[in-house]
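The structure under discussion appears below in the form of structure tokens.
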Amino acid sequence: MNRRSEHLKVLIGNEEKDRQALQEHEARLRQYNDERQKAEDEISRLTARLEEAKVSLTTVEGSITNGKNAISLLTTRITEAKPEIDRLNAEVQRLGQAIWHSREFQINPGGQRNGN
């Protein structure tokens, strides 16, 4: 009977060790699941931020494209207007010289008018 008692004690001891090992394993598994859930939540949060960044990037790209188009249009209009601007500048210079020459002809150094 002593042997049987010893054997039962060993079995009970083994069962207790197995129960303790199982509890430790379950605790580690809960911790792992908690960490995995936190990681999944962080991945979801970062994925949402990435999508927001993609939308922002698309908006910025659209703005850049619109800006490039506007610059191109302005460059074209300036190029088209340049001959008219040059013509008007030449006209202003010609009129300025004509005015200067007409005043020079009308007024002599003594302040007297010429030609009459």
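Derivation of every value follows stated rules applied to the coordinates shown; laboratory data play no part. If you're wondering where the values come from, they're calculated on a predicted model, not measured in any experiment. Here Cβ is always computed from backbone atoms with ideal geometry, including for glycine, and neighbour counts include all displayed protein chains.
Given a Förster distance of 30 Å, report the FRET efficiency between SER63 and ILE85 from their Cβ-Cβ distance, rounded to the nearest 0.05. Please list the in-between numbers first.
Details: r = 30 Å, r/R0 = 1.00.
The calculated FRET efficiency here is 0.50.
Provide Rg over Rh for segment 1-90; use the alpha carbon set for both Rg and the Kirkwood Rh (inverse mean inverse pair distance).
Looking at segment 1-90, the ratio lands at 1.83.
Once every DSSP H run of n ≥ 4 in the chain is given -39500 (n - 2.57) and the sum is divided by its residues, what mean residue ellipticity at 222 nm do you get, rounded to the nearest 500 deg cm²/dmol?
Per the formula, -35000 deg cm²/dmol.
Total Lys pairs in the chain closer than 28 Å by alpha-carbon, pairs eight or more apart in sequence or interchain only?
Values: LYS9/LYS17; LYS38/LYS54; LYS54/LYS68; LYS68/LYS82.
So the count works out to 4.
For segment 1-29 and segment 64-79, what is the separation of their C-alpha centers, rounded to whole Å?
83 Å
Express in nm, to one decimal, how much length is gained between ASN33 and ILE12 on full extension, taking 0.36 nm for each residue of separation and deducting their alpha carbon distance.
Length gained between ASN33 and ILE12: 4.5 nm.
Along Cα→Cβ, 7 Å out, is where each label goes; now give me the distance between the ones at ALA53 and LEU73 in nm to one decimal.
Between ALA53 and LEU73, the simple spin-label model gives 3.3 nm.
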